[in-house]
Each structure stands twice: as structure tokens, then as C-alpha cells.
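Single-structure report; data block below.
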Amino acid sequence: MTKRRAMTPARKARIMVAHDEKCWRCKEGFENGERVEFDHKLALARGGTDDDENIGPCHVHCHKLKTFGGSTKLGADIFEIAKTKRLAKKHREPKKSKHKWPSRGFGNARYKKKLDGTVVRKEKA
Ligand SMILES: [Zn+2]
């Protein structure tokens with residue numbers, strides 16, 4: 001995964017200017033003094049880069065919406081990230097059998113069924 005670089009004030013200012021000081025998601029401006037979050041447009045875990053071009057200023061609520069999903073969970077990062085990890089894990093680990101107990105077979109059964117359908121107790125050998 002790409003390493004995150006420090007978000008310096010200079011970098012934040014640069015990204016703000018590049019986005020016309022507007023939220024990159026809803027395209028609305030920010031209130032004076034409103035908290036601005038810097039969001040990876042394509043999450044790092046999904047292959048995004050830590051370059052300025054992949055980062056946009058974002059309202060806190062817009063950021064939450066992207067990360068945790070809105071009314072539909074489709075496309076929300078945490079679900080996509082979980083999916084990516086799940087698939088990667090599946091790829092790495094060999095599939096384990098779900099059978100915990102091996103069958104002991106019929107060798108030790110006390111009864112046997114004859115061809116005509118009658119069930120008889122096995123004589124001891
Ligand atoms: Zn917004």
C-alpha cells in the first residue's frame with residue numbers, strides 16, 4: 001500500500017487552491033472556520049496514490065458519506081476495502097476442508113442391511 005505522506009499546511013493550502021477551495025465531492029464551499037478534511041479520492045487501499053492530484057478537500061459529512069456509505073452501501077470504501085482484503089486472503093490461503101470430523105465409515109457399524117432390506121445385527125468376529 002502507498003505510504004501516506006504528512007499533510008503539511010503548505011500542502012493543504014496547495015490542494016485547497018487546486019480545488020477552488022471547494023469540497024471535491026459536493027462542490028460546495030466551506031464555511032469560515034469549518035473543519036476541512038483531506039480525502040483520498042481513490043482510497044489508498046484501493047490502489048490510489050498519495051499524490052496531491054488524488055487528494056481533495058472535503059466536508060466532514062461528505063467524507064463520512066464516502067467512507068462509510070450513505071443510504072446505499074455500494075461503493076463505500078470500507079466495504080470495498082474489506083472485499084479487497086477478503087479476496088487477497090482467499091488467494092493466499094489454501095482452501096480448508098469444512099469437515100471437522102472424518103467419517104468413520106461403516107466398518108464399525110453394529111448393524112447391517114441385507115440386500116432384501118432386512119436389518120440384522122452383525123455377529124461378532
Ligand atoms: Zn462536501
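A few points about this structure:
- Subset of the stretch 6-31 [closer than 17 Å to Leu65 by Cα and either of a type in the set (D, E, K, R) or assigned to a helix (DSSP H, G or I) (or both)]: Lys22, Arg25, Lys27, Glu28
One line per residue, one yes/no per condition, for (1) free of Cβ contacts under 8 Å to residues at least 40 places away in the same chain; (2) under 25 Å from the mean Cα position of the chain (by Cα); (3) surrounded by 14 or more Cβ atoms within 10 Å (Cβ to Cβ):
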{"position": "Arg4", "(1), (2), (3)": "no, yes, no"}
{"position": "Arg11", "(1), (2), (3)": "no, no, yes"}
{"position": "Ala18", "(1), (2), (3)": "yes, no, yes"}
{"position": "Cys26", "(1), (2), (3)": "yes, yes, no"}
{"position": "Glu37", "(1), (2), (3)": "yes, yes, yes"}
{"position": "Leu42", "(1), (2), (3)": "yes, yes, no"}
{"position": "Gly47", "(1), (2), (3)": "yes, yes, no"}
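- Here is the figure for the stretch 32-61: residues that are in a loop (DSSP other than H, G, I, E, B) and within 12 Å of the ligand (Cβ to nearest atom) total 2.
Conditions (1) surrounded by 14 or more Cβ atoms within 10 Å (Cβ to Cβ); (2) at pLDDT 80 or above; (3) over 25 Å from Met7 (Cβ atoms); (4) not hydroxyl-bearing (Ser, Thr, Tyr), marked per residue:
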residue: Gly29; (1), (2), (3), (4): no, yes, no, yes
residue: Asp50; (1), (2), (3), (4): yes, yes, no, yes
residue: Trp101; (1), (2), (3), (4): no, no, yes, yes
residue: Arg104; (1), (2), (3), (4): no, no, yes, yes
residue: Gly107; (1), (2), (3), (4): no, no, yes, yes
residue: Lys112; (1), (2), (3), (4): no, yes, yes, yes
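- For the stretch 28-46, a residue qualifies if it is in contact with an Asp or Glu (Cβ under 9 Å, 6 or more places away or on another chain) and among the charged types (D, E, K, R), and the qualifying residues are Lys41, Arg46.
The values are calculated or read from the model by the stated rules, or taken from the named source; none is laboratory data. Just so you know, these numbers come straight off a predicted model, no measurement behind them. Every residue, glycine as well, gets a Cβ built from its backbone with ideal geometry; the counts of neighbours run over all protein chains shown.
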